[in-house]
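Report on the following structure.
The values are calculated or read from the model by the stated rules, or taken from the named source; none is laboratory data. Source: prediction; values computed, not measured. Glycine gets a Cβ as well: all are built from the backbone with ideal geometry, and neighbour counts include every protein chain shown.
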Amino acid sequence: MRPVLDTNVIVSAVLSGGSPPDSILRAWRREAFQLATSAPLLSELETVLKREHIAKRLGWSPGERKAFIADLREGATVVIPENRLQVVLADPSDNRVLEAAVAAQADYVVSGDQHLLGLKTCEGVQIVTPARFVAILVAGSR
């Protein structure tokens with residue numbers, strides 16, 4: 001199973017221990033699935049983690065932040081999207097998530113973003129909430 005995690009899911013995972021996003025990140029570390037991402041998504045994540053209110057809550061040093069991003073980059077399949085999508089007009093940055101998912105031939109996009117969740121699917125990729133993805137992981141481990 002190969003999902004693409006939206007930046008909001010990864011940020012929620014590191015900020016909220018015990019949450020569905022945290023469970024997803026822990027499952028990935030246990031190799032329960034193969035994470036896919038892209039350079040634009042990793043860059044966005046780095047930018048978001050540097051935001052003052054998030055950096056303050058995390059309490060990570062710049063080195064810890066870089067190590068976290070490097071861990072994701074090394075442990076995930078990093079794809080290079082070849083097609084630019086214009087599916088989400090209200091928030092064009094959401095299209096980067098879809099582009100990564102299509103390039104990775106992902107099974108799921110996991111997001112808390114209503115623009116993406118409202119689509120339900122994009123080019124055969126299911127778009128689900130973190131809670132729904134946790135349920136999918138649990139069902140698949142039985």
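Output yes when any residue across region 58-80 is surrounded by fewer than 16 Cβ atoms within 10 Å (Cβ to Cβ) and farther than 25 Å from R29 by Cα, and no when none is.
No, region 58-80 has no match at all.
Of all residues being closer than 15 Å to L42 by Cα and acidic (D, E) in region 81-118, which is modelled with the highest pLDDT? Just the residue, please.
So the residue we want is E99.
Looking for something without any contact (Cβ under 8 Å) to a residue 12 or more places away in the chain, out of contact with any helix residue (DSSP H, G or I) (no Cβ under 7 Å at 6 or more places or on another chain) and farther than 22 Å from G112 by Cα - is there at least one such residue anywhere in region 10-27?
no
Pairs please, first residue from region 55-68 and at negative phi, second anywhere and part of a helix (DSSP H, G or I), Cβ atoms under 6 Å, 6+ apart in sequence or on different chains.
So the pair list comes out as R57/L15; R65/L49.
Hey, I54 hits all of (1) under 22 Å from F133 (Cα atoms); (2) surrounded by fewer than 18 Cβ atoms within 10 Å (Cβ to Cβ) but one; which does it fall short on?
With (1) under 22 Å from F133 (Cα atoms); (2) surrounded by fewer than 18 Cβ atoms within 10 Å (Cβ to Cβ) applied to I54, the lone miss is (1).
For the structure I just gave you, tell me whether I80 is more than 22 Å from S19 (Cβ to Cβ) and among the β-branched types (V, I, T). Walk me through how you get there before you give the answer.
Working: more than 22 Å from S19 (Cβ to Cβ): yes; among the β-branched types (V, I, T): yes.
Answer is yes for this residue.
Check every one of the strands (runs of 3 or more DSSP E) wholly within region 1-80 and list those with 1 or more residues that are among the small types (G, A, S) and modelled with pLDDT of 95 or more. Working first, answer last.
Numbers: elements: 3-5, 36-38, 77-79.
Output list reads 36-38.
Name the one entry in S141, S93, S111 that is of a type in the set (S, T, N, Q) and over 15 Å from D6 (Cα atoms). Spell out the reasoning first.
Values: S93 fails: over 15 Å from D6 (Cα atoms); S111 fails: over 15 Å from D6 (Cα atoms).
On inspection, the qualifying residue turns out to be S141.
Applying the selection to region 94-127, what residues are surrounded by 20 or more Cβ atoms within 10 Å (Cβ to Cβ), of a type in the set (S, T, N, Q) and closer than 17 Å to N83 by Cβ?
The one that is surrounded by 20 or more Cβ atoms within 10 Å (Cβ to Cβ), of a type in the set (S, T, N, Q) and closer than 17 Å to N83 by Cβ: N95.
Test L49 against the stated conditions and say whether it is buried (at least 18 other Cβ atoms within 10 Å of the Cβ), free of Cβ contacts under 8 Å to residues at least 40 places away in the same chain, in contact with a Lys or Arg (Cβ under 8 Å, 6 or more places away or on another chain) and of a type in the set (A, V, I, L, M, F, W, C). Lay out the reasoning, then the answer.
Working: buried (at least 18 other Cβ atoms within 10 Å of the Cβ): yes; free of Cβ contacts under 8 Å to residues at least 40 places away in the same chain: yes; in contact with a Lys or Arg (Cβ under 8 Å, 6 or more places away or on another chain): yes; of a type in the set (A, V, I, L, M, F, W, C): yes.
So L49 fits the description; yes.
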